[in-house]
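The structure appears below as structure tokens.
Rule-based calculations on the coordinates, nothing more; no lab input. Every value quoted in this text rests on a predicted model; they were computed, and no experiment measured them. Cβ: placed from backbone, ideal geometry, glycine included. Neighbour counts: every protein chain shown.
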Amino acid sequence: MSTTVFVLGATGYIALHTVKDLINKGYSVVGSVRSEAKGDKLVKQLGEKFSYEVVPDIAVKGAFDEALKKHPEVSVFLHTASPFHFNVTDIEKQLLTPAIEGTTNALKAIKAYGPQIKRVVVTSSYAAIGSAEADVDTSLTISEETWNPVTWEKALENPILGYYGSKTFAEKAAWDFYKNEKPNFILSTVNPVYVFGPQAFDEDVRGTLNTSAEIINGLLKLNKSDSVPPYKGLYIDVRDVSKAHIVAFESDAAKEERLLLSDDRFSSQQLLDILHSKFPEYADRLPIGNPGEGASTGAKVVNDKTRKILGFDFINLEGTTVDTLKQIIEANK
Ligand code: NAP
């Protein structure tokens with residue numbers, strides 16, 4: 001019988017790639033989704049190796065208890081669900097609480113009702129490692145050991161800091177639980193920077209995409225006279241993030257590690273330069289900006305340990321940008 005992996009938040013951009021890759025590798029997957037309609041859609045897309053449990057609100061105490069009681073065959077648990085958008089009016093209620101409570105509820109349920117679960121991977125973020133300062137200060141160095149110094153008060157200042165706080169406090173809660181409760185499972189985290197790359201299924205490319213993929217989708221919505229959007233930072237391809245989630249529980253070297261997934265820096269101008277060079281038919285419709293202006297600057301990112309554990313090369317900026325654009329352009333036809 002194949003190993004069964006529970007994927008919390010199976011509908012997400014990163015999670016869907018991971019579920020697809022897991023199934024291709026022979027795993028069975030039980031996903032949690034927020035409604036039956038969402039679950040049924042995934043069953044159609046993913047086939048018989050996928051089944052689902054409805055967990056409407058991850059922040060509710062005991063949210064996962066029944067799902068885990070029903071699946072004693074699960075031996076690996078991936079927690080990928082967390083609010084990742086900045087369209088919030090109540091930072092604590094909409095970002096901080098679901099991220100933190102969602103994580104602790106999941107880990108408590110695993111300890112109580114899934115003692116057979118041996119490996120747990122929490123999808124954290126670069127947001128739990130870097131900081132607003134690291135985005136600009138070239139004298140800083142960021143690695144798997146670094147923690148975002150954001151405080152609760154700071155996190156309440158605006159939705160971007162709120163998201164940074166949500167990921168930092170949720171990941172800290174996971175490691176604290178692990179240290180204090182001494183559960184049966186081994187914990188690892190995956191900490192990606194901005195994730196680009198195609199959606200797992202072409203049919204899901206419609207309107208506004210998930211927050212990070214929308215940075216590339218948004219370029220195609222610009223008009224000639226618009227200024228170039230201000231996005232800059234670090235990127236990684238979603239297909240590499242998916243592979244990393246699997247290495248995170250398959251590999252001994254990944255035990256109790258934080259995998260910092262970052263290929264390199266990018267800027268919106270660089271994305272636009274790639275768009276113009278690979279899809280010249282858009283030259284008349286989209287702004288040009290300052291071609292060749294280059295990547296952003298910021299803290300030095302050292303993730304040699306992660307790269308060694310993963311043992312594969314990351315997709316580069318041109319690869320991730322071109323594949324994202326190709327899928328969107330095809331879907332818009
Ligand atoms: P996404 O497509 O927006 O997926 C988010 C997932 O979380 C969805 O399954 C969503 O369910 C679920 N979710 C959000 N809030 C929830 C809540 N309150 N209760 C239950 N489920 C909830 O985002 P993604 O980019 O794949 O992100 C997945 C994970 O990666 C998150 O933990 C995020 O913080 C992390 N991450 C993402 C990036 C990036 O650039 N994309 C970078 C670093 C880390 P619905 O589909 O039902 O809304």
Q. Is there a residue in region 190-213 that is buried (at least 18 other Cβ atoms within 10 Å of the Cβ) and farther than 24 Å from ASP237 by Cβ?
A. no
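Please work out which residue is nearest to the ligand (Cβ to nearest atom), limiting yourself to region 9-20 and to residues that are in contact with a His (Cβ under 8 Å, 6 or more places away or on another chain) and assigned to a helix (DSSP H, G or I). I'd like the intermediate steps shown before the answer.
If we filter region 9-20 for residues that are in contact with a His (Cβ under 8 Å, 6 or more places away or on another chain), which is where we start, we get 9, 14, 18.
If we keep only those that are assigned to a helix (DSSP H, G or I) too, we end up with 14, 18.
Working: ILE14: 4, THR18: 9 Å.
Of everything passing the filter in region 9-20, ILE14 is nearest to the ligand (Cβ to nearest atom).
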Q.
Can you pull out every residue in region 61-93 that is touching a residue at least 24 places away in the same chain (Cβ under 8 Å), more than 20 Å from GLY39 (Cβ to Cβ) and part of a helix (DSSP H, G or I)?
A. ILE91, GLU92
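Has region 288-306 got at least one residue that is within 28 Å of TYR27 (Cα to Cα), away from the ligand (no atom under 16 Å from the Cβ) and in a helix (DSSP H, G or I)? Step through it out loud before you land on a result.
Residues of region 288-306 within 28 Å of TYR27 (Cα to Cα): 305-306.
Subsequent filtering for residues that are away from the ligand (no atom under 16 Å from the Cβ) retains 305.
Subset that is in a helix (DSSP H, G or I): 305.
Checked region 288-306: at least one residue is within 28 Å of TYR27 (Cα to Cα), away from the ligand (no atom under 16 Å from the Cβ) and in a helix (DSSP H, G or I).
I'd like the full set of residues that are over 16 Å from LYS179 (Cβ atoms) and either in a helix (DSSP H, G or I) or in contact with a His (Cβ under 6 Å, 6 or more places away or on another chain) (or both), limited to region 101-116. So that I can check it myself, show each step before the final result.
Residues of region 101-116 that are over 16 Å from LYS179 (Cβ atoms), as a first pass: 101-102, 105-106, 109, 112-116.
Passing the criteria: GLU101, GLY102, ASN105, ALA106, ALA109, ALA112, TYR113.
Anything in region 235-264 that is basic (Lys, Arg) and either out of contact with any strand residue (DSSP E or B) (no Cβ under 9 Å at 6 or more places or on another chain) or crowded, with 20+ Cβ neighbours inside 10 Å (or both)? List them, or say none.
In the first step, residues of region 235-264 are kept if they are basic (Lys, Arg); the result is 239, 243, 255, 258.
If the condition is that a residue be basic (Lys, Arg) and either out of contact with any strand residue (DSSP E or B) (no Cβ under 9 Å at 6 or more places or on another chain) or crowded, with 20+ Cβ neighbours inside 10 Å (or both), then ARG239, LYS243, ARG258 are the ones that fit.
Scanning region 173-217 for residues that are part of a loop (DSSP other than H, G, I, E, B) and polar (S, T, N, Q), which turns out farthest from THR89 (Cα to Cα)?
Filtering region 173-217 for residues part of a loop (DSSP other than H, G, I, E, B) gives 182-185, 193, 197-201, 205-212.
Imposing the further condition that a residue be polar (S, T, N, Q) reduces the set to 184, 199, 208, 210-212.
Details: ASN184: 39, GLN199: 28, THR208: 20, ASN210: 19, THR211: 17, SER212: 20 Å.
Out of the qualifying residues, it is ASN184.
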**Q.** Matching residues in region 83-100 - criterion: being within 15 Å of TRP152 (Cα to Cα), within 11 Å of the ligand (Cβ to nearest atom) and exposed (fewer than 15 other Cβ atoms within 10 Å of the Cβ)
**A.** LYS93
Q: For ALA170, work out the one condition from (1) part of a helix (DSSP H, G or I); (2) more than 16 Å from the ligand (Cβ to nearest atom); (3) among the aliphatic types (A, V, I, L, M) it doesn't fulfil.
A: (2)
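Checking the conditions here, which among GLU157, GLU145, GLU153 is part of a helix (DSSP H, G or I), away from the ligand (no atom under 14 Å from the Cβ) and surrounded by fewer than 17 Cβ atoms within 10 Å (Cβ to Cβ)?
GLU153
Within region 53-60, is there a residue that is part of a helix (DSSP H, G or I) and more than 10 Å from the ligand (Cβ to nearest atom)? Break it down into steps so the answer makes sense when it comes.
Step one: list which residues in region 53-60 are part of a helix (DSSP H, G or I), which gives none.
No, there is no match, as no residue in region 53-60 is part of a helix (DSSP H, G or I) and more than 10 Å from the ligand (Cβ to nearest atom).
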**Q.** Selection count, region 309-333, where residues are farther than 20 Å from PHE201 by Cβ and in contact (Cβ under 8 Å) with a residue 12 or more places away in the chain
**A.** 8
**Q.** Extreme residue, farthest from GLU250 (Cα to Cα), among residues of region 32-44 that are of a type outside the set (Asp, Glu) and more than 9 Å from the ligand (Cβ to nearest atom)
**A.** ALA37
Q) Limited to region 190-219, what total is found for residues that are touching a residue at least 12 places away in the same chain (Cβ under 8 Å), β-branched (Val, Ile, Thr) and under 13 Å from TYR13 (Cα atoms)? A) 3
Q. Since GLY47 meets every condition but one in (1) of a type in the set (Gly, Ala, Ser); (2) more than 10 Å from the ligand (Cβ to nearest atom); (3) surrounded by 18 or more Cβ atoms within 10 Å (Cβ to Cβ); (4) free of Cβ contacts under 8 Å to residues at least 40 places away in the same chain, which condition does it not meet?
A. (3)
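Quick grid of which residues meet (1) basic (Lys, Arg); (2) more than 14 Å from SER262 (Cα to Cα); (3) surrounded by fewer than 19 Cβ atoms within 10 Å (Cβ to Cβ):
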{"site": "GLY298", "(1), (2), (3)": "no, no, no"}
{"site": "VAL302", "(1), (2), (3)": "no, no, yes"}
{"site": "ASN316", "(1), (2), (3)": "no, no, yes"}
{"site": "ILE329", "(1), (2), (3)": "no, yes, yes"}
Q.
Can you report the number of residues in region 190-211 which are over 22 Å from ILE142 (Cβ atoms) and near the ligand (Cβ under 8 Å from one of its atoms)?
A. 1
